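Asks: Before I ask anything, let me first share the structure, which is written out below as structure tokens.
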Amino acid sequence: CPARVVPNGLYRHEFYEPMLADDAVDFVFIGELRYLKGVDVLLEALAAHQAVFPGRALIVGSGPDEKSLRRLARRLGLNSRVAFSGAQSARSAFARARCIVVPSRAESFPYIVLEAAAAQMPLIATFAGGIPEIVEGVDMPLIPPGDVAALAGQLRAFLAGPKPFLERAAALQKVIAERFTVDNMTHNVVDFYISEVGAGIS
């Protein structure tokens, strides 16, 4: 049967630059707390470099693996550097950190990456699911899923010099504004139905 792939889109008001809170941390994870999302990889990466580049992180969300992830954070000695805040809106979470980390082992077409890009958030993400498609056109290094050393390297790079991450965030926001909008999504859906109805009549 006829088919067309129409990616998710964002509204115009979702494109902005968040104002950082005074107590903003370095990194934030936003999503369901389960191992598929790679939160354990993020915790391991934070622990791997804390003696050299000690970064602070906020874990936003809830899920079936929350208790075990909290235990892992304690076991890794991250109590003073990692906070679990529970669920909250992406917009409020963006204001509480300087960089978003998406360490997923697997993904579909993650809306959180679109939201982060629209908010011009510096991004560290894995090569999983639709993430490469979202960042296509921007020279953004994606790391292998489950690779603690690679993720730790990106965290260290951001702490040592965030400027390249900020530049990529600005470039990605422009790409998202051109390609992944509700206007484009609506146009593509309507166009698909019109073209198929027209083909059926002819």
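Asks: Only one of Asp183, Asp191 is surrounded by fewer than 12 Cβ atoms within 10 Å (Cβ to Cβ) and touching a Lys or Arg at 6+ places or on another chain (Cβ under 9 Å). Can you tell me which?
Replies: Details: Asp191 fails: surrounded by fewer than 12 Cβ atoms within 10 Å (Cβ to Cβ).
Going through Asp183, Asp191 in turn, just one is surrounded by fewer than 12 Cβ atoms within 10 Å (Cβ to Cβ) and touching a Lys or Arg at 6+ places or on another chain (Cβ under 9 Å): Asp183.
Asks: Next question, about the same structure. So Met121 ticks every box in (1) in contact with a Lys or Arg (Cβ under 7 Å, 6 or more places away or on another chain); (2) open to solvent by less than 30 Å² (accessible area, probe 1.4 Å) but one. Which box is left unticked?
Replies: Unmet for Met121, out of (1) in contact with a Lys or Arg (Cβ under 7 Å, 6 or more places away or on another chain); (2) open to solvent by less than 30 Å² (accessible area, probe 1.4 Å): (1).
Asks: Also, I was wondering about something else. Pairs under 7 Å by beta carbon, first residue within 18 Å of Val25 (Cα to Cα) in the range 143-156, partner among the small types (Gly, Ala, Ser) and in a loop (DSSP other than H, G, I, E, B), six or more apart or different chains?
Replies: Matching pairs, first to second residue: Leu155/Gly55.
Asks: Turning to a different aspect of this structure: Could you tell me which of the residues Pro141, Pro122 is more than 21 Å from Glu14 (Cα to Cα) and in contact with a helix residue (DSSP H, G or I) (Cβ under 8 Å, 6 or more places away or on another chain)? Break it down stepwise before answering.
Replies: Values: Pro122 fails: more than 21 Å from Glu14 (Cα to Cα).
When all the criteria are applied, what remains is Pro141.
Asks: With respect to the numbered conditions (1) within 17 Å of the chain's Cα centre (by Cα); (2) at pLDDT 95 or above, which one is the sole condition not fulfilled by Lys163?
Replies: In the conditions (1) within 17 Å of the chain's Cα centre (by Cα); (2) at pLDDT 95 or above, Lys163 misses (1) alone.
Asks: If we only count strands (runs of 3 or more DSSP E) wholly inside the range 46-140, which ones have 2 or more residues that are in contact (Cβ under 8 Å) with a residue 40 or more places away in the chain and closer than 19 Å to Leu166 by Cβ? If you could, list the steps in order and put the result at the bottom.
Replies: Details: elements: 57-60, 82-86, 97-102, 123-125.
In the range 46-140, 97-102, 123-125 are the strands (runs of 3 or more DSSP E) which contain 2 or more residues that are in contact (Cβ under 8 Å) with a residue 40 or more places away in the chain and closer than 19 Å to Leu166 by Cβ.
Asks: For Glu32, all conditions in the list (1) in contact with a helix residue (DSSP H, G or I) (Cβ under 8 Å, 6 or more places away or on another chain); (2) more than 25 Å from Ala157 (Cα to Cα) hold save one; what is the number of the exception?
Replies: Every condition holds for Glu32 apart from (1).
Asks: Considering only residues that are on the phi > 0 side of the Ramachandran plot and open to solvent by 60 Å² or more (accessible area, probe 1.4 Å), which ones fall in the range 129-162?
Replies: The one that is on the phi > 0 side of the Ramachandran plot and open to solvent by 60 Å² or more (accessible area, probe 1.4 Å): Gly137.
Asks: May I pose another question? Every residue in the range 10-55 that is among the aromatic types (Phe, Trp, Tyr) and open to solvent by less than 40 Å² (accessible area, probe 1.4 Å), please.
Replies: Here is the first cut: in the range 10-55, the residues among the aromatic types (Phe, Trp, Tyr) are 11, 15-16, 27, 29, 35, 53.
Scanning the range 10-55 gives Phe27, Phe29.
Asks: Among all residue pairs at least 6 apart or on different chains, which show Cβ distances below 8 Å where the first residue, located in the range 179-200, is over 29 Å from Val135 (Cβ atoms) and at pLDDT 90 or above and the second is open to solvent by less than 60 Å² (accessible area, probe 1.4 Å) and of a type outside the set (Ser, Thr, Tyr)?
Replies: none
Asks: Determine whether the range 57-71 contains at least one residue that is modelled with pLDDT of 95 or more and under 18 Å from Arg156 (Cβ atoms).
Replies: yes
The values are calculated or read from the model by the stated rules, or taken from the named source; none is laboratory data. Because the structure is a prediction, the values reported are computed rather than measured. Neighbour counts run over all protein chains shown; Cβ positions are idealised from the backbone, glycine included. Accessible surface is based on the protein model in full, side chains and every heavy atom, while ligands, DNA and RNA are left aside. Shrake-Rupley method; radii C 1.70, N 1.55, O 1.52, S 1.80 Å.
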